[in-house]
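Visitor: Below: one structure in structure tokens.
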């Protein structure tokens with residue numbers, strides 16, 4: 001079969017060629033538009049996700065820990081938080097030379113300079129001195145550390161917790 005030169009094409013052949021060319025061009029335009037639109041979707045999802053802040057039931061020095069500040073609660077490297085990601089495992093609060101004196105957060109029954117409405121593990125960073133003091137001296141429900149659930153304190157740093165009630169745990173208290 002011989003391939004004819006474009007000048008030798010019949011009107012019908014020219015029409016078929018142009019129709020196929022237009023169809024291909026439209027299809028390519030649609031594919032490129034779709035690719036562009038899909039490439040923007042992750043950016044919108046990331047933006048929406050970044051705007052969602054999850055509050056946790058933990059307060060340190062009166063500041064509620066959230067997904068936005070958990071990595072470094074005060075921006076000074078002294079307190080970080082990791083939420084419980086598996087049921088039955090406690091959330092983790094790491095103290096790295098943290099010192100606080102004040103009222104903290106007031107819950108329904110107790111208040112605490114460190115206050116958690118869940119199980120909590122407090123890790124004392126290696127060779128750090130940490131001091132938590134509740135200065136609510138007239139309030140017998142004021143704690144340096146209050147945890148509604150189980151509380152575990154571990155690590156090789158030191159911790160001084162003082163106030164009318166010191167450390168209070170609604171569940172088991174373990175100091176390792």
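Let's see how each residue does on (1) exposed (fewer than 14 other Cβ atoms within 10 Å of the Cβ); (2) outside any loop (DSSP other than H, G, I, E, B):
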{"site": "57", "(1), (2)": "no, yes"}
{"site": "75", "(1), (2)": "yes, no"}
{"site": "97", "(1), (2)": "no, no"}
{"site": "113", "(1), (2)": "no, yes"}
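Here's the yes/no breakdown for (1) under 23 Å from residue 171 (Cα atoms); (2) at pLDDT below 95:
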| position | (1), (2) |
| --- | --- |
| 66 | no, no |
| 69 | no, no |
| 72 | no, no |
| 78 | no, no |
| 82 | yes, no |
| 89 | yes, yes |
| 98 | no, no |
| 122 | yes, no |
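Visitor: Is one or more of the residues making up segment 107-118 modelled with pLDDT under 90 and under 24 Å from the mean Cα position of the chain (by Cα)?
Guide: Looking for residues that are modelled with pLDDT under 90 and under 24 Å from the mean Cα position of the chain (by Cα), one finds at least one in segment 107-118, hence yes.
Visitor: Something else now. Return the pairs, sorted by first residue and then second, in which the second residue is assigned to a strand (DSSP E or B) and modelled with pLDDT under 95, the first residue lies in segment 154-172 and is more than 23 Å from residue 78 (Cβ to Cβ) and in the same structural domain as residue 119 (by TED's automatic domain parsing), the beta carbons are less than 6 Å apart, and the residues are 6+ apart or on different chains.
Guide: Listed pairs, sorted by first residue: 164/142; 165/143.
The values are calculated or read from the model by the stated rules, or taken from the named source; none is laboratory data. Everything numeric here is computed off the predicted structure, so don't read it as measured data. Because the Cβ atoms are built from the backbone with ideal geometry, glycine has one as well, and the counts that use them run over all protein chains shown.
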